[in-house]
Amino acid sequence: MLKSTYKPSPGALQPLPPGWTEHKAPTGHTYYYHADTKESTYKRPGAPPSFVPQQPPPINLSDPNVANAFMAQYNAPPLQQHGRGGFGGRGGFQNRPRPQPTDKPRSKVAIPGHDPWILVYTKYGRRFAYNPAKNASYWRIPEKLMPAILELDQARIRRKAGLEDEEEEEEEEEGGGNQRRRRSEYEEVEVTDDEGDGDDDGEGHAKRQRTEEPGADGPVEFTEADIAAQLAAMGADYGDEEMGSDEDWEGEGADPPFSDEDARALFKDLLDDFKINPYSSWEKLMEEGKIIDDARYTVLNTTKARKDAWEEWTRVKILERKAQRATEEKKDPRIPYLAFLQDKATPKLYWPEFRRKYKKEGPMKDPKLADKDRERWYREHNNRLKLPQSTLKSDLKTLLASVPASALNNQSTPDHLPPHVLADLRYISLDPSIRDPFIEAYIQGLGPPPTAEEGGLEEDAATTKAREDRRKRERALQERERVVAEEKRRQEKRLQFERARLRDEERELERAMVVGKKGLQSQLAGERLAERMVIKKEAEDS
Amino acid sequence: MPAIRPSSKRKAPPDGFSDIEEDLLVFGNKMKDAQNTPTDNIPKHQAQWPIFQISHQRSRYIYELYYEKEAISKKLYEWLLKNGYADAMLIAKWKKQGYEKLCCLRCVQTKETNFNSTCICRVPKAGLKDGQDVQCVSCGCRGCASSD
Ligand SMILES: [Zn+2]
Ligand SMILES: [Zn+2]
């Protein structure tokens, strides 16, 4: 439907249901967004189901909004079972035009005890038996191979169920064209060489499964030379069906779902949100492990990339803090003086003594302050120290409450309070060991910073843009998470399906064996069995 | 490796100390753990390795904050050196070309090594036989040549 060239006349458009807004992506595609549900779609909401807005191909999915809208059309779980999934978080739902549904061989397994037979897996998770000696391929697995293939499947499932680690093994290197790749559970291993030599035991095929093949009504033959081309053609035959699902968006070398810049930005958002101390070391960050469970931790996929982003982030943050501190101190000379008082003032010293003792200290000779004020604050501070702690606490609370939410909110850090607070005597009355936890608790109880609209604050364009960019990144991440979760769920379903199927087959084999035993006892049954074998053999050889 | 002065005997730290206090505390705790770990079952020359490594990491941390990120003031940096949070001698070496990654001072003091020459860990990887795994006796360093 994406290639539909049907253009509705503008007059035919119905008004959008409440909450929906129409948008145009930079690529020119119209999409619809629902601010409350965060849904986005290409399909005009409220329109009759047959109505599809124009989709000029090819679609550029580099715009996350377009990608999201595009993805939204493929949310429904696929009806058919076959197909591999692009699990692994690299769903590649961006930047990639939808691939043509051409199937091709991806990997193969020697069928133990049936040399030279091999089992070939296709890109779309189909499999077929192939006899290189005879140049013959069968979608329907010949009966005589069934027990061996069943064993392969069981071994695979056992591995899947218990020993995931073994799947890390590497596939033998073949030919010249195959690159050795480390294999993880969900990674595809491409095998383009059709020469089977029996060493491959089929590891890593856990996510594939045999399916009811549309071509199963009769064996299909290939010549070895154009096996891939034939499969491609077959794939095209099933194209319509493939289009109905969102499988196999991932090709070899799929682009990461985020631009490098976005990924770095997401990682830095993570550092911001966890209030990571930019002066702290990378090793400590890793040892603490606080951030590694966050989805944004893995948007950068190497430790080096993460460390680089962290490095960048720390430098920027340190600069920001330095600049902030400098301007604050410049703005209000009371701040360094009061900090100094908190540290040094004592009721044991009268002002003249105090002044004499510390006359060389910076805050004591700052020309921006009058000596008269310094004296007044000194006395006041010492007087306040005699007040009960409860009074000092409630005074501090009053002070904190007087700060607008834009300057003090749950995003504030206790070591970076607004100058308004720092320049107030009430701030220095309590000992820092009591005061700082008190302030921290207070901050935690506050609400989030007001947005530009509600706060009526004038935000500069850069801040607004930064916030919008961040929202955009987060939406893209949510989308990715959703796709990954969906895929995982589907994988599990497939595994269950396969287990059930294997149980059925096991039962069938058991039955066959029982019949075989009975056959020894019963002449008649034995004859029937022999008859069946002959029929099967004929069917195979035909 | 200067020992850290007990806090009772030193002046209050300069501004900016609170930014790095927690990391220093973690280093301090690691150091204590390393010093209190029994070394009965460890070859004598290995017993000091963890202590050298933590000392190296802590010096590196402060070095990077001051020289690379310019995150701390000169005043604070000097205070840290004076109070034993970082090894000034080792840092002095790092500033010299060819010694940017030096693990410890012992490894460039020729007479103390087993080989009566510069420590094996100072040999660039390129100068070693393929896959040769080295670990120096003095601090357990596995290679600290600048070119590695
Ligand atoms: Zn070394
Ligand atoms: Zn050393």
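The values are calculated or read from the model by the stated rules, or taken from the named source; none is laboratory data. These numbers come from a predicted model, not from an experiment. FYI the Cβ positions are ideal-geometry reconstructions off the backbone, even for glycines, and counts take in every protein chain you see.
Just a few scattered comments:
- Check on B:ILE54, among the aliphatic types (A, V, I, L, M), in contact with a Lys or Arg (Cβ under 7 Å, 6 or more places away or on another chain), closer than 30 Å to B:LYS11 by Cα and within 16 Å of ligand 2 (Cβ to nearest atom): yes
- Residues within segment B:95-110 that are within 12 Å of ligand 1 (Cβ to nearest atom) and part of a helix (DSSP H, G or I), tallied: 4
- Residue count for segment A:281-296, restricted to those that are within 14 Å of another protein chain (Cβ to nearest Cβ), free of Cβ contacts under 8 Å to residues at least 24 places away in the same chain and not acidic (Asp, Glu): 5.
- Residue count for segment B:16-38 satisfying the condition of being within 8 Å of chain A (Cβ to nearest Cβ) and not small (Gly, Ala, Ser): 5.
- Subset tally (residues that are more than 13 Å from chain B (Cβ to nearest Cβ) and part of a helix (DSSP H, G or I)) for segment A:325-347: 7
- Every residue from segment A:288-302 that is part of a helix (DSSP H, G or I) and either closer than 25 Å to A:ARG321 by Cα or hydrophobic (A, V, I, L, M, F, W, C) (or both): A:GLU288, A:ALA295, A:ARG296, A:TYR297, A:VAL299
- Failed condition for B:SER59, given (1) surrounded by 13 or more Cβ atoms within 10 Å (Cβ to Cβ); (2) within 16 Å of ligand 2 (Cβ to nearest atom); (3) among the small types (Gly, Ala, Ser); (4) more than 28 Å from A:ALA326 (Cα to Cα): (4)
- Looking only at segment B:50-84, and only at residues there that are part of a loop (DSSP other than H, G, I, E, B) and either within 13 Å of another protein chain (Cβ to nearest Cβ) or touching an Asp or Glu at 6+ places or on another chain (Cβ under 6 Å) (or both), the one that is nearest to B:VAL137 (Cα to Cα): B:LYS69
- Against the criterion of being within 25 Å of A:THR346 (Cβ to Cβ), acidic (Asp, Glu) and free of Cβ contacts under 8 Å to residues at least 24 places away in the same chain, A:ASP436 qualifies.
- Applying the criterion of being part of a loop (DSSP other than H, G, I, E, B), more than 10 Å from chain A (Cβ to nearest Cβ) and surrounded by fewer than 13 Cβ atoms within 10 Å (Cβ to Cβ) to the residues of segment B:6-15, the residue that is modelled with the highest pLDDT is B:LYS11.
- Among residues of segment B:24-40 that are more than 21 Å from B:LEU81 (Cβ to Cβ), those with a beta-carbon under 6 Å from a residue that is part of a helix (DSSP H, G or I) and modelled with pLDDT of 90 or more at least six positions away or on a different chain give the pairs B:ALA34/B:PRO50; B:ALA34/B:ILE51; B:ALA34/B:ILE54.
- Whichever residue in segment A:297-316 is charged (D, E, K, R) and more than 9 Å from chain B (Cβ to nearest Cβ) and, among such residues, is surrounded by the fewest Cβ atoms within 10 Å (Cβ to Cβ): A:LYS304
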